[in-house]
Amino acid sequence: MRREARSSGTRRATLCLLGVGLVLQACAADVAGVPLRITHAPEQDPFRDATELSLRFSRAGVLERQQSFPADTQSLDLGVLAFGEDLQIELVVLAGEFEIARGASFPFRVQPSSPPPRVDVHVGRLERFTDAGVEPLDGPVMGSSAGPSGALVATAKGTLYRYDAHAPADGRPQLTRLAAYVELAGASWLALADGGLLAVGGDLGRARRFGPDGELVVDVRSVELDDQRRGATLVSVDGAAIALGGSPLEFGGMTTHATRIVPLPDGGLDVVALPALACPTRDGAASRVSIPSVSGGATERIALVCGDALRESRLLVFDPSGASASMETVLPGDLRAAAMAPLGVGLLLVAGGRDPEGVPSDAVHVLALGDGSSSEIAGGSRPLFGGRAGAAASVLSPGRVLLVGGRDALERPLASAEVVTFPGRVVLTGDTPMPMASPHVIELADGTLLAVDASGMAQYVPRR
């Protein structure tokens, strides 16, 4: 198929689609245009059973227009198409009226008069994982961040990788090892709003900020940062990194330290000490959560597991502004390896972890959080399909959370995934191509989810 398109400047651009479901190499020889390159995982045929395709064009998240056509269409006139900042092209595959597969380009970062060299769209079946086809990493994943063309990933050895969703040669994913920072072994990592990463702590005790392409922006060794520790819990709130607890390098144990680290526009870091936690923590599960305020609206809090957390866990809801006192809830078992995620304003999901005997647990807790109050909702959810410790949690939509990987009751890495829906529903979704013992899940700029583990990477297309 050939698609005619015009940029918003004077330069004419042609969008060429040579065959649905194929890797597209170029436009026709007589057309100076932009190839639309569609890929899908070899093990999956997202166009099977398709009756209709829909191309949708949006800018900055706002749908500008769409065009639908039968799946066997041989030619199509797209009319005028303005390539420019934040333009995104999405291909939706339908069987009758049901959406069965989807894919989208990354938003373009080009001037209106300069169309991109090509358009890459990776299409996948809804609610199914596909192997990204990259090599395993050199250790457990400690942090990940979605960037303009893929993601940055950091491991426990201090190694930084860049994942590109569409390699220039064939449009398929590519993993590049950028650098190994041995002094950051054991550091805590956090995604930044610009697509970069922040590392705090490690063997030498320092903070480093990396840009969205993995470049080192700032390297700080600072007494006031109090970063001479391992295992601090990092949570992002209002554009700042909140570093909680950890283990001092010299003395061991756990601390109650709390620090706000604000990335500055010039690349620097502004550091502010916060009130100490009500109990010490290290390597604990944590999540940002919004709670309703008495004055209306919602305020940001951090929920985290603190204390020794052996037979029971202290769940602390901490106010990073320091304006309100902390709230505590005691739950059975060791929840440091639980998955935590907000289900909505005032609702927190705590799933899996370990039972009082140390065995991976299938328990699911739903907590109602208010201004000064915290309580568990009886019957908020049924149990998981099996024990799960160390799973990753990703919010799909308000009230729906995806759980991926972890370890089962026999301590084996899991390749299964579940969706917890409030109230009271747990369903299995597609398995990951490889078992994932302690994964991270991040949302990429094309709307897919990327599950990242030492064992490999997998893409997931969520249902909207």
Q: Report, ordered by the first and then the second residue, all pairs with beta carbons closer than 7 Å, sequence separation of six or more or different chains, a first member in the range 420-434 that is assigned to a strand (DSSP E or B), and a second member that is polar (S, T, N, Q).
A: V420/S381; V426/S381; L428/S416
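If I go through the range 364-384 residue by residue, how many of them are part of a loop (DSSP other than H, G, I, E, B) and of a type in the set (V, I, T)?
1
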Q) Picking from L184, L160, which residue would you name as being modelled with pLDDT under 90 and at negative phi? A) L184
Q) Residue check, A179 against (1) aliphatic (A, V, I, L, M); (2) surrounded by fewer than 20 Cβ atoms within 10 Å (Cβ to Cβ); (3) within 26 Å of A41 (Cα to Cα); (4) modelled with pLDDT of 90 or more, all met but one. Which one? A) (3)
Q.
Name the single residue that is surrounded by the fewest Cβ atoms within 10 Å (Cβ to Cβ) among those in the range 391-407 being at pLDDT below 95 and part of a loop (DSSP other than H, G, I, E, B).
A. P398
Q: With the checklist (1) under 18 Å from the mean Cα position of the chain (by Cα); (2) not assigned by TED's automatic domain parsing to the domain that holds I38 in hand, flag the one item G139 doesn't pass.
A: (1)
Q.
Among the residues in the range 355-363, are any surrounded by 23 or more Cβ atoms within 10 Å (Cβ to Cβ) and not acidic (D, E)?
A. yes
**Q.** Criterion (at pLDDT below 55 and among the basic types (K, R)) met by exactly one of R102, R37, R3, R56
**A.** R3
Q | Residue in the range 375-382 that is at pLDDT 95 or above and crowded, with 18+ Cβ neighbours inside 10 Å present | A | no
**Q.** Cβ pairs under 9 Å, 6+ apart, first in the range 263-278 and more than 30 Å from D308 (Cβ to Cβ), second charged (D, E, K, R)
**A.** P263/D194; P263/R209; P263/D270; L264/D270; G267/R209; G268/R209; L269/R209; D270/R260
**Q.** Which listed residue is under 24 Å from D194 (Cβ atoms) and at pLDDT 85 or above, from A286, A276
**A.** A286
Q) Failed condition for L310, given (1) touching a strand residue (DSSP E or B) at 6+ places or on another chain (Cβ under 8 Å); (2) surrounded by fewer than 19 Cβ atoms within 10 Å (Cβ to Cβ); (3) modelled with pLDDT under 85; (4) over 27 Å from V359 (Cα atoms), with all others met? A) (4)
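The values are calculated or read from the model by the stated rules, or taken from the named source; none is laboratory data. Predicted, not measured: the structure shown is a model, and the values here were computed from it. Positions of Cβ are backbone-derived with ideal geometry, glycine not excepted, and every protein chain shown enters the neighbour counts.
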